[in-house]
Amino acid sequence: MNKMALILGAVLAAALFSCSKSDEISIEEAEAMAGGGVDEMVAKTTAKPYKGQDFVSGKLGGTWNSVMIQDPKSFNLLIAETDSQTAGVTDMMLDYLVDYDRVKREWIPHGASFEIIADEAADKLDVIYTLRDDLYWTWYNSDRKIKVTSDDIVFWYNEIRGDPECQSSGYYQQFLTMEDGSDAHIEIEKIDDRRFVFHFPRIVAEPLLATNMDIAPRINYEEAKKNGGAQGVMDIFSVNTDPKNIPSCGQWYLVEYIPGQRLVYKRNPNYWEKDSNNVSIPYYEEEVVRIIPDENTRFLLFKQGETESWGLRPEDMDELLNKPNPDYTVYNNDGALSASFWAFNQNPVNAKTPQYSWFVQKEFRQAMSSLLNRDRIINQVYRGLASPKLYFFPETNRYFDEKIKLAFLYDTKKAIELFSSIGIKQDEQGIMRDRENRAIEFNLTIASDNSVTNDIASIIADELSKVGIKINIRVLDFQKLVEQLTRTFDWESLIMGLSGDNTFPSQGSNVWASDGNLHLWNPNQESPATEWEARVDYLYNEGAYTVDEEKAKVIWDEFQTIILEQSPLIYLVRPKGFWALGNRWDHANVYYDNLRGAETSHIFLKQ
Amino acid sequence: MKALLQKLSGIARTLFSPIHSLRRSFPLLSYIIGRFIIMAAMLFLLGFAVFGLMELAPGDIVDQIMIQQLFSENQSRGSSRTNETVNMEQYEAQRAYLGLDQPFYIQYFRWINRVVVYHDLGVSLISRAPVSFLIASRLFNSLLLNLISLVLITVFSFILGVYFSAKAGTRTDLAVTFFALVLHAFPGILLLILLQLFASVTNLFPVTAYPSFPFSEAPGKFVFSYAHHVFLPLLASFLGGIGGTLRMIRATMLDQLGQPYITSLRSRGIAEWKVYFFHAFRNTLNPYITGSANLLAGLFSGSLILEIIFAYPGIGRLMYEAVLQEDINLVLSNIMFISFLVLLGMVLADILLALVDPRIRYGKN
């Protein structure tokens with residue numbers, strides 16, 4: 001009994017000690033701890049950006065083991081348009097017309113070469129594509145070989161993308177807005193088996209962006225459409241199809257799919273891209289993709305050497321960088337090109353709320369940007385491994401200009417001045433109040449599936465509380481959040497991210513144009529609600545149709561400047577990227593940077 | 001009026017007389033038929049509730065598709081203008097095509113019509129793959145895992161439960177009862193994560209529960225590899241289930257051993273092992289059989305977490321993904337199928353009870 005009492009006492013004492021206040025650390029200490037050792041950490045990694053270096057010749061053989069989060073929905077290209085996992089699978093068997101060199105910032109031929117002919121007098125433009133002569137549809141373990149021709153492209157453009165019944169996301173890409181506001185169709189015409197031309201009804205700045213597409217097998221889809229119409233097209237190549245029946249013109253054949261378990265690809269020896277020894281790439285013979293839904297399990301698989309590569313999360317850094325004699329190499333890059341942002345709802349459906357009256361004032365948004373402690377977010381959330389996003393366009397954009405930079409950086413004094421200029425001041429208790437004596441308080445909505453955003457929101461709430469502004473963090477299911485953004489519009493402020501990185505200035509028309517359905521702060525406007533939005537609309541439209549780079553630069557410079565000045569979206573930070581690759585592979589042809597991600601197209605096993 | 005009532009009751013008697021005569025002649029059969037009718041009614045209501053709940057959830061599958069297009073990263077080679085191609089009219093057309101613009105009860109009756117009349121579970125709304133294919137491709141894995149768990153839990157629970165009921169009050173019994181309680185109360189998800197970490201740190205076991213190659217590639221090797229892979233998840237499932245079952249069997253045994261008929265048997269000098277196994281033990285079967293259907297249901301629902309953490313290709317994961325994507329056809333078929341299995345288990349348990357316990361004879365008091 002005495003022994004029991006002794007043990008109980010010890011447990012209680014341990015519990016009490018663990019609750020003592022002396023173990024707690026201040027925010028400043030946490031920052032110092034988190035931010036410390038960044039250089040040491042980065043020093044343990046390798047920087048190897050791709051600058052157009054030549055690839056060395058490799059040897060054939062080996063299996064590349066990788067993972068995906070969930071099963072593909074289908075092997076159908078129309079369904080792949082709506083599902084990124086499915087697109088990841090089908091892309092392996094496809095090729096595409098042209099590529100964009102993000103280092104040189106120019107388009108380069110891929111499956112086809114191109115020629116752009118602009119008729120300035122008639123304000124019309126043609127893009128002539130010439131397909132490679134060595135592009136073939138082939139099947140796994142079969143001698144069947146069919147040449148890819150212009151008919152494949154013309155069929156897909158007219159009969160699939162161009163048929164509204166097929167509900168392709170590419171349908172609306174086939175139309176241009178003319179100067180009089182009407183829509184005109186971009187026509188396609190076959191010249192011969194290898195050449196086809198897109199006729200643009202007016203000159204556009206990026207005709208290749210609008211016409212570049214995947215090469216799809218007409219042979220299967222044409223028959224499906226003839227037999228079953230649009231539904232027939234959507235019904236072929238579902239996941240119960242034998243994948244060996246799917247033709248490939250890309251680098252891989254899909255030879256096996258076991259639901260919930262794995263996909264197996266085999267190298268396509270007929271693929272046109274070859275190394276200096278005339279050997280088709282890729283070099284490894286097989287890729288096995290296991291379906292692993294849990295992120296931690298995927299990480300454990302990498303640590304056990306069962307997968308070849310791993311994109312490091314902040315919490316993996318210590319473990320992977322401090323492992324003695326690792327069997328992998330960790331690469332780093334300069335930081336993502338895009339970033340999440342903080343937005344404020346300016347939709348007039350909320351006009352009666354006090355928040356609306358604050359959010360529509362640019363000084364309020366600028367003050368918010370001035371209260372965003374980017375360095376603290378970088379140190380506490382990203383352990384120092386990030387940088388603030390201060391430019392609107394990324395470095396890959398032709399119109400990126402270092403001089404056009406966000407002016408509202410962390411500066412509490414400046415924020416208070418900006419508030420003061422619109423009648424928002426602190427009372428005796430330090431609470432920030434507007435002209436009508438209403439305390440400044442609003443909700444900040446974040447998606448429930450992201451712990452990083454939660455940490456950022458907490459930092460924002462803490463920083464704003466220092467100047468007497470109360471933020472209530474609302475965690476919401478992503479689906480519900482999207483519903484608020486696109487239907488109910490009853491949010492106040494939120495943190496989220498969008499796809500894409502604005503490499504092309506004319507991308508994102510449904511975000512930046514005031515009538516866009518993803519013009520987050522006030523979507524679907526019949527006419528621009530503010531002067532600056534009207535100006536952005538004008539510049540956006542002008543820029544999209546201005547080919548002359550000097551003239552275009554003037555337009556896009558003003559476009560960026562207005563968005564940074566008005567701060568409808570306040571960008572947060574660009575986390576650095578870290579990526580680990582197993583050392584059983586030869587790293588001579590491996591590169592990693594923030595422009596192209598991991599370059600492993602010419603990877604091969606060590607000799 | 002009285003004549004009318006008499007006439008109606010006469011019609012009712014005529015209508016129900018075959019049922020009454022069936023009940024009289026074949027009480028167990030009529031009981032089984034009755035249970036199947038109740039099962040069908042329960043499945044109908046369950047499906048209705050599922051459709052209703054899915055209706056209450058924000059958005060639908062078309063919204064999911066829209067989100068994918070709006071927010072997915074698909075511009076690596078500048079070939080796609082994802083943000084520019086989202087059109088609301090297109091989505092409304094798609095919603096109408098899938099029938100999602102109809103009230104949920106209409107959608108539900110259409111679904112029932114297709115399943116009952118055409119024997120077709122339909123296609124997944126998002127992938128357009130046959131639901132029957134999607135379920136069939138994972139069902140065997142789920143059944144295998146859960147049945148192995150059930151057998152292991154049953155065997156060990158009986159052995160340990162009976163053994164420790166004989167040792168009631170001893171220190172060993174106290175310790176086992178304590179650990180059984182701990183296992184019963186221990187969060188299953190934590191146990192799974194701990195076991196996975198154990199596998200990762202020691203490298204003794206794989207961190208996934210299924211071999212990385214298919215059965216057809218090397219059947220013999222697959223069996224051993226499967227046993228190796230599934231050991232830890234099975235252990236988690238076993239530990240999670242054995243605590244409650246062991247305690248139930250031990251308690252029932254102790255309860256039976258305290259009954260006057262056991263004292264009577266002992267006073268007649270019948271050997272103790274006979275008292276245990278021929279008398280007390282038989283009476284522990286009733287609560288176990290009743291509870292085993294619930295245990296199976298628990299294993300099915302509990303295996304979802306196992307399937308996600310250990311990447312086991314079972315039906316739980318399929319349903320989880322279908323719920324997240326609001327693929328109502330797939331969700332409904334999955335839930336109905338699993339519910340059917342569990343309800344069938346319950347009916348079989350009842351029949352088994354009637355067979356093992358001579359005191360239970362349906363229709364004969």
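Observations
- Taking packing as the residue-averaged number of other Cβ atoms within 10 angstrom, the listed peptides B:312-318, A:287-293, B:144-150, B:107-113 run from highest to lowest as B:312-318, A:287-293, B:144-150, B:107-113.
- Relative contact order [Cα under 8 Å, 6+ residues apart], chain B, whole percent: 25 percent
- Rounded accessible area per residue of chain A, 1.4 Å, Å²: 43 Å²
- Within straight-line reach of A:Lys44, meaning a Cα separation under 18 Å, sit the following lysines at least 8 residues removed in sequence or on another chain: A:Lys303, A:Lys323, A:Lys576.
- Amide hydrogen neighbours beyond the local backbone of A:Thr546, cut-off 5 Å, H modeled: A:Ala205
- Helices of chain B meeting both criteria, an alpha-carbon length of 27 angstrom or more along the long axis and an average Kyte-Doolittle score not below 0.0, with helices taken as full DSSP H segments, are B:2-25, B:27-56, B:131-166, B:219-257, B:281-309, B:328-356.
- Separation between Cα centres of region B:134-194 and region A:170-219, rounded to whole Å: 64 Å
- Interface A:B - total buried accessible surface [probe 1.4 Å, Å², rounded to 100]: 5700 Å²
- Average partner coverage of B:133-145, which counts Cβ from other chains inside 10 Å: 2
- Average 1/r across all pairs of distinct alpha carbons in chain A, invert it, and you get the Kirkwood radius: 27.5 Å.
- Rounded to whole Hz, the Karplus (6.51, -1.76, 1.60) HN-Hα couplings of region A:170-187, x for glycine and proline: x, 4, 6, 6, 7, 10, 10, 8, 7, 4, 7, x, 7, 9, 10, 8, 8, 8
- Spin-label pair B:Val356/B:His20, simplified geometry with 7 Å Cα→Cβ offset, distance in nm: 3.6 nm
- Fully extended contour minus Cα-Cα distance, from A:Val103 to A:Asp143, at 0.36 nm per residue: 10.5 nm
- Per residue of peptide A:258-267, the mean number of Cβ atoms on other chains within 10 Å of the residue Cβ is 5.
- Carbon and sulfur %, accessible surface of the protein assembly as shown computed with the full protein complex present, 1.4 Å: 57 percent
- For the residue pairs A:Lys362/A:Lys414; A:Lys73/A:Lys244; A:Lys425/A:Lys466; A:Lys405/A:Lys425, alpha carbon separations beyond 19 Å are given by A:Lys405/A:Lys425.
- Dimensions of region B:131-360 based on its C-alpha atoms, expressed as ranges along the principal axes with the largest first, amount to 63, 43, 34 Å.
- Candidate aspartates and glutamates - alpha carbon under 19 Å from A:Lys413, same-chain residues fewer than 8 apart omitted: A:Glu363, A:Asp375, A:Asp427, A:Glu428, A:Asp434, A:Asp462, A:Glu463, A:Glu565
- Beta bridges per DSSP with both ends in the protein assembly as shown, % antiparallel, nearest 5: 80 percent
- Computing FRET efficiency as 1/(1 + (r/R0)^6) for A:Glu531 and A:Ala47, where r is the C-beta to C-beta distance and R0 is 35 Å, gives about 0.20.
- Distance between the modelled labels on A:Ser451 and A:Lys244, one decimal in nanometres: 4.5 nm (7 Å Cα→Cβ projection).
The values are calculated or read from the model by the stated rules, or taken from the named source; none is laboratory data. Remember, it's a predicted structure, so these values are computed and weren't measured experimentally. FYI the Cβ positions are ideal-geometry reconstructions off the backbone, even for glycines, and counts take in every protein chain you see. Each accessible area value is taken on the protein alone, full model and side chains, heavy atoms only, with ligands, DNA and RNA left out. Shrake-Rupley method; radii C 1.70, N 1.55, O 1.52, S 1.80 Å.
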